[in-house]
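What follows is a set of notes on a single structure, which appears directly below.
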């Protein structure tokens, strides 16, 4: 069951908050999508898969207070990392388990991202 509060909330959902403040390069949402597509193309080539961007990821977007509030509702207000979502690029999976686990480390490394496992 999915509950939308900015972030996806179910037992197999993952969201990434891109923390560029530690890196020299910041990407736009469009550039983030292009990079994610390249990562997915590489995965498809290596593992002989045919996953499309639309089946794996939602469109990257800039996080807002709504996302922070959604995480607060899900985890409780004592969870201190929520504020980091505001103004950062958010990468969400399209549906349960749609992002191959093998890509988590690559996404975290490339975008200096924090992964929120929601559920």
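When the residues of segment 3-52 are filtered to those that are exposed (fewer than 11 other Cβ atoms within 10 Å of the Cβ) and within 15 Å of residue 88 (Cβ to Cβ), the one that is modelled with the lowest pLDDT is 22. Given (1) in a loop (DSSP other than H, G, I, E, B); (2) at pLDDT 95 or above, where does residue 55 come up short, assuming only one miss? For residue 55, the exception is condition (1).
Residues in segment 93-110 that are assigned to a helix (DSSP H, G or I) and free of Cβ contacts under 8 Å to residues at least 60 places away in the same chain: 101, 102, 105, 109.
The values are calculated or read from the model by the stated rules, or taken from the named source; none is laboratory data. All values reported here derive from a predicted model rather than from experimental measurement. Methodologically, a virtual Cβ is constructed for each residue, glycine included, from the backbone with ideal geometry; neighbour enumeration extends over all protein chains shown.
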